[in-house]
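Heads up, the thing below is written out as structure tokens.
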């Protein structure tokens, strides 16, 4: 699938959506993403994405509680998370794991220092 100068944004979106919904095998997952990235770059539309808002969240840990235990939670309740304080936290972008890091304090605010970015293959394995 190649894009030329006469291709409209709608045509590009449809072509990209069709490519993204095709079943991908382990062998061509990385090449599919490379193809899509190259096409967006060739079309000059990458700049359009720079102002898109993304939801970034940091997961400190998880807990599984019974419904009755959730109903008993009140101010001051402590919920134990299934992660040690020394373990890295997960950094998610739009719900997808992108990196891991450590919690730090900067000017009396909590922050996260990124210690490891998942590479493209690791991210694709988690999605597929």
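All of the numbers you see were taken from the coordinates with simple rules; none came from a lab. Remember, predicted model here, so these are calculated numbers, not experimental data. Because the Cβ atoms are built from the backbone with ideal geometry, glycine has one as well, and the counts that use them run over all protein chains shown.
Measure off 7 Å from each Cα along the Cα-to-Cβ vector at residue 77 and residue 119, then give the distance between these two points in nanometres to one decimal.
Output for this residue pair reads 4.4 nm.
Mind sorting 115, 75 by how few other Cβ atoms lie within 10 Å of their own Cβ, fewest first?
Going from least to most buried by this count: 75, 115.
So if R0 is 35 Å, what FRET efficiency would residue 52 and residue 87 give, r being the distance between their Cβ atoms, rounded to the nearest 0.05?
0.70
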